[in-house]
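Take a look at the structure below.
The values are calculated or read from the model by the stated rules, or taken from the named source; none is laboratory data. The shown structure was predicted, so the numbers you read here are calculated from the model rather than taken from an experiment. Virtual Cβ from ideal backbone geometry, glycine too; neighbours counted across all protein chains shown. For the accessible areas, the whole protein counts, side chains as well, though only heavy atoms, and no ligand, DNA or RNA atoms are used. Shrake-Rupley method; radii C 1.70, N 1.55, O 1.52, S 1.80 Å.
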Amino acid sequence: FLTGHSDGGTVAAAIGYLPKTKHIPQAIAPSAAGIRKKDLSNFDCPDPISIMVMQKENDTLFPNYSKELADWWATCNSCENQTTPVRKGCVEYLNCKQNVQTLFCETPGEHQEWPRLNKVMIDFFHYYQRIHKTTLPLQDQNYGYYTSKYRLPNHHHNCEQDQFQNRM
């Protein structure tokens, strides 16, 4: 699962459609991505993938780019043109291929602000896991095993200790 904001959102989205990396993500949630529909015209659609595209209403750096990105993914995911509200500020494109979800969320604020949709995004990733019956743990060759309970392997440092030390 990938997410990122601004240039990080652009990278998260690109990993989902670039020919050499599109097999990597299971679902993506880019925020305030700096890529628009005309930028995507030279790329073939990837296989259907669940995506939650987020943007701020007053984004003056990339105005409406995220909506164009969501529309492009909806086309790639063979969704209907019709959307339905799923929560305040979020709509879902209907009847996408292979049970993928294609969401577009717009919340108040400006470009530099992360959309306060963390719970919605985590629920979106969990929905993907339930519908597609992905299994955990996943193995990462650099870090070992991750489990659905978000436990890190024993050889990782204690994050709470780091937070405490950073305040001193």
> Inside the range 72-88, can you point out the residues that are part of a loop (DSSP other than H, G, I, E, B) and over 21 Å from THR10 (Cβ atoms)?
Replying inline: SER78, CYS79, GLU80, ASN81, GLN82, LYS88
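Look at ALA32 and say whether it is touching a residue at least 40 places away in the same chain (Cβ under 8 Å) and farther than 18 Å from ILE131 by Cα. Before you say what the answer is, go through the steps one by one.
Details: touching a residue at least 40 places away in the same chain (Cβ under 8 Å): yes; farther than 18 Å from ILE131 by Cα: yes.
It is true that ALA32 is touching a residue at least 40 places away in the same chain (Cβ under 8 Å) and farther than 18 Å from ILE131 by Cα.
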> Restricting the range 80-106 to residues that are in contact (Cβ under 8 Å) with a residue 12 or more places away in the chain and β-branched (Val, Ile, Thr), which is surrounded by the most Cβ atoms within 10 Å (Cβ to Cβ)?
Replying inline: THR102
>> Checking the structure you have, find out if any residue of the range 120-129 is over 22 Å from ARG36 (Cα atoms) and β-branched (Val, Ile, Thr).
In response: yes
>> Against the definition (within 19 Å of TYR127 (Cβ to Cβ), within 12 Å of the chain's Cα centre (by Cα), buried (at least 18 other Cβ atoms within 10 Å of the Cβ) and touching a residue at least 60 places away in the same chain (Cβ under 8 Å)), how does THR3 come out, yes or no?
In response: yes
> Residues in the range 107-128 that are surrounded by 13 or more Cβ atoms within 10 Å (Cβ to Cβ) and over 14 Å from the mean Cα position of the chain (by Cα): how many?
Replying inline: 4
> Which residues, taken from the range 48-71, are in contact with a helix residue (DSSP H, G or I) (Cβ under 8 Å, 6 or more places away or on another chain), in a helix (DSSP H, G or I) and either among the charged types (D, E, K, R) or surrounded by fewer than 24 Cβ atoms within 10 Å (Cβ to Cβ) (or both)?
Replying inline: GLU68, ASP71
> Which of (1) out of contact with any strand residue (DSSP E or B) (no Cβ under 6 Å at 6 or more places or on another chain); (2) within 19 Å of THR3 (Cα to Cα); (3) open to solvent by 20 Å² or more (accessible area, probe 1.4 Å) does THR75 not meet, given it meets every other one?
Replying inline: (2)
> For the range 89-118, which residues satisfy the criterion of being among the β-branched types (Val, Ile, Thr) and not in a strand (DSSP E or B)?
Replying inline: VAL100
